[in-house]
1. Taking into account only those residues within the stretch 84-108 that are among the hydroxyl-bearing types (Ser, Thr, Tyr) and either in a helix (DSSP H, G or I) or more than 25 Å from the chain's Cα centre (by Cα) (or both), which is farthest from residue 43 (Cα to Cα)?
2. Go through the stretch 110-134 residue by residue and tally those that are open to solvent by less than 80 Å² (accessible area, probe 1.4 Å) and either among the hydrophobic types (A, V, I, L, M, F, W, C) or over 30 Å from residue 257 (Cβ atoms) (or both).
3. So which residues in the stretch 47-86 are within 17 Å of residue 100 (Cα to Cα) and basic (Lys, Arg)?
4. If a residue counts only when it is touching a residue at least 60 places away in the same chain (Cβ under 8 Å), which helices (runs of 4 or more DSSP H) contained entirely in the stretch 196-282 have at least 1 such residues?
5. Within the stretch 84-94, count every residue that is at pLDDT 80 or above and either aliphatic (A, V, I, L, M) or open to solvent by less than 80 Å² (accessible area, probe 1.4 Å) (or both).
6. Scanning the stretch 153-164 for residues that are part of a helix (DSSP H, G or I) and under 20 Å from the mean Cα position of the chain (by Cα), which turns out surrounded by the fewest Cβ atoms within 10 Å (Cβ to Cβ)?
7. Residues to consider are 198, 167, 137, 173; find the one that is over 17 Å from residue 255 (Cα atoms) and open to solvent by less than 40 Å² (accessible area, probe 1.4 Å).
8. Looking at (1) within 30 Å of residue 208 (Cβ to Cβ); (2) out of contact with any helix residue (DSSP H, G or I) (no Cβ under 6 Å at 6 or more places or on another chain); (3) open to solvent by 50 Å² or more (accessible area, probe 1.4 Å), find the lone condition where residue 262 falls short.
Amino acid sequence: LNKNVDEVTKFIAHINELETKRDAVNFYIDKNFNVLNTVTKYSRSIFWWGELLNGTKNEDESEEKLKKFIVDNLLKSWNKITGNNNGEVKSYFFQISLLFEIIIIILRNDALLAISSFLAVFFYLRFMIGSWFLAAVGMFEIFMSLPLAWFTFSYIFQIKYFSALNVLCIFIVIAIGADDIFVFMDAYKQSATKGKDVVSSLETRMSWVFRRSGWAMLLTSATTCAAFLITLVSPIASTQSFGIFAAFVIFFDYLLVISLYCTAVIIYHNLFETKLCCCSCV
């Protein structure tokens, strides 16, 4: 091998001038590289691992063994190299056989973020509402809006294309669902100070709460759904899929707040709110 970089660079530049040999080198350099400009903005290289690997009997077995070796021993180092890009040199790697493994790693990390968000909102609900029971039911109804939306999206409306963007609805519904719960609970707490006509019975109190919070949540949910449905004008299928699915998620979250969560508030009122015990904060 020639260790003189300048000589090798000039040799590649001259090879690139030959019509019959250009294909052998132009994969690795940019289109402006020539004998007058021996500096390339982009450069690529290929590592040939060879086959078959020791201890394997066919190509599939060899490929699986190679993927396992790369994931276990090299992937972290490659990610570290590409993560330390600076203004002068940027490094990237690509291997088709690693696509599935990398996607799984990304999904796993995103799932951890979703779980972290879920737990953070759960404890914040508990802090603001003052009840473990209501916080748990609230997070349950937020979570249930996702499978209900998926069932409606995929089976009732028979929409076959499920965009990867739809996963983002997890974070959207956590935020909007928690906001609806706060609106409902604020109305419930205000109802206790609205006089005998409101607090004379649980029925009149909850009727006032429904009128107070139901319209507010309906208007905000409707405008949010409409905003997502505007994506139907987009020619991009993944954007349309995301908008439709997100609208369903917000719709079902609203239905669950005014039904399931309202029922939970009634149970809380009857069983926990006025009980004095060691677990009075249930």
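1. Filtering the stretch 84-108 down to residues among the hydroxyl-bearing types (Ser, Thr, Tyr) leaves 91-92, 97.
Checking the rest, the ones that are also either in a helix (DSSP H, G or I) or more than 25 Å from the chain's Cα centre (by Cα) (or both) come to 91, 97.
Numbers: 91: 10, 97: 22 Å.
Per the criteria, the residue is 97.
2. 10
3. 65, 67, 68, 76
4. Numbers: elements: 196-199, 202-229, 237-256, 262-268.
Filter on the stretch 196-282 gives 202-229, 237-256, 262-268.
5. Residues that pass the stated criteria total 2.
6. Initially, the stretch 153-164 is screened for residues part of a helix (DSSP H, G or I), giving 153-156, 164.
Filter again for under 20 Å from the mean Cα position of the chain (by Cα), leaving 153-154, 164.
Working: 153: 21, 154: 14, 164: 11.
Checked the stretch 153-164; the qualifying residue surrounded by the fewest Cβ atoms within 10 Å (Cβ to Cβ) is 164.
7. On the way: 167 fails: open to solvent by less than 40 Å² (accessible area, probe 1.4 Å); 137 fails: over 17 Å from residue 255 (Cα atoms); 173 fails: over 17 Å from residue 255 (Cα atoms).
The match here is 198.
8. Residue 262 satisfies all of (1) within 30 Å of residue 208 (Cβ to Cβ); (2) out of contact with any helix residue (DSSP H, G or I) (no Cβ under 6 Å at 6 or more places or on another chain); (3) open to solvent by 50 Å² or more (accessible area, probe 1.4 Å) except (3).
The values are calculated or read from the model by the stated rules, or taken from the named source; none is laboratory data. Predicted model, so just to flag it, every value in this text is computed and none were measured. Heads up, the Cβs are rebuilt from the backbone with ideal geometry, glycines too, and the neighbour counts pull from every protein chain shown. When the accessible area is computed, the model is the full protein with side chains, heavy atoms only, and any ligands, DNA or RNA have been set aside. Shrake-Rupley method; radii C 1.70, N 1.55, O 1.52, S 1.80 Å.
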